[in-house]
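Take a look at the structure set out below.
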Amino acid sequence: MERNETMIPILYSASETSFTSNGIGRLRDCISCIVTEERNGKYECELQYPVTGKRYADIEEGCIISATHDDNHDRQPFRIYRKSAPLNGIVTFNARHISYDLNNIILQPFTGTSVTATFAQINGKSINTNPYTFWTDKTTVADFTLDHPASVRSILGGARGSILDVYGGEYA
């Protein structure tokens, strides 16, 4: 039985940002690739790959795996953060959605009066390089205050006073 090409994970270098090519290569020897997505929560990928696989030597922590995560076969990028020891010739790689990189981007304190104004300030208030862009189709008006330095990911959601808490909605 031939596998559907859209189902085969693709390996990219740690610095990739576009995910439009076949990157380093398709992981055709992949044994399993399971994506776990929780609404506004955990978003991870677990890939099992044989040590005898064609691309095994290329898979390293920090590399990015592009994998399908839904019935529409939409691809999402996941950064590898852990590699297990081989067990019966199989290695498990754990990866987090690329949005977890937002944990490493720190914001200066700021205020916003609407969700669009708040999103507009994120890049300008980033202390370190922020390659991400933010937009919303919401028009909620409410005061948002970040009174101490914090990571972009932490202010987006999951805590009291976060953008998600103040303005509501769901991230995609």
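In this structure the amide hydrogen of residue 25, modeled in the peptide plane, comes within under 5 Å of the amide hydrogens of 11, none closer than 5 places in sequence on its chain. Let me check I've understood the local charge: for residue 156, count other residues with C-beta under 12 angstrom from its C-beta, Lys and Arg +1, Asp and Glu -1. What total comes out? Net charge around residue 156: -1. When the chain is treated as a GNM with alpha-carbon contacts under 10 Å, the residue of 146, 87, 11 showing the greatest mean-square fluctuation is 87. In order along segment 28-33, the phi-based Karplus estimate (6.51 cos²θ - 1.76 cosθ + 1.60, θ = phi - 60°) of 3J(HN,Hα) comes to 5, 7, 4, 7, 7, 8 Hz; Gly and Pro are listed as x. Our helix-only sum for the chain, with -39,500 (n - 2.57) per DSSP H run of n ≥ 4 divided by its residues, gives a mean residue ellipticity at 222 nm of -2500 deg cm²/dmol. Starting from the alpha-carbon convex hull of segment 23-172, give the projected area averaged over all orientations, in nm². Approximately 10.2 nm², given one-decimal rounding.
Karplus-derived 3J(HN,Hα) values for segment 68-79, using 6.51 cos²θ - 1.76 cosθ + 1.60 with θ = phi - 60°, are 6, 9, 8, 5, 7, 6, 6, 8, 9, x, 10, 8 Hz; glycine and proline are entered as x. Taking other residues whose beta carbon is less than 9 angstrom from the beta carbon of residue 25, and scoring Lys, Arg as +1 and Asp, Glu as -1, yields +3. Here segment 1-102 is assigned +1 on the Cβ of each Lys and Arg and -1 on the Cβ of each Asp and Glu. Its dipole about the Cα centre then comes out at about 240 debye.
Derived scalar couplings between HN and Hα for segment 97-112 equal 3, 4, 5, 5, 4, 5, 5, 9, 10, 9, 9, 7, x, 6, 10, x Hz in order, rounded to whole Hz, by the Karplus curve 6.51 cos²θ - 1.76 cosθ + 1.60 (θ = phi - 60°), x for Gly and Pro. Counting only aspartates and glutamates at least 8 places from residue 125 when in the same chain, those with an alpha carbon closer than 18 Å to its own are 101, 143, 147. Taking Lys and Arg as +1 and Asp and Glu as -1, the other residues whose beta-carbon sits under 9 Å from that of residue 36 total -3.
Shape analysis of segment 107-172 places it in the rounded category; the axes a ≥ b ≥ c from the Cα gyration tensor give an a/c below 1.5.
FYI, it's all coordinate maths here, none of it is from the lab. Remember, it's a predicted structure, so these values are computed and weren't measured experimentally. A quick note on method: Cβ atoms are made from the backbone with ideal geometry, for glycine too, and the neighbour counts reach across all protein chains shown.
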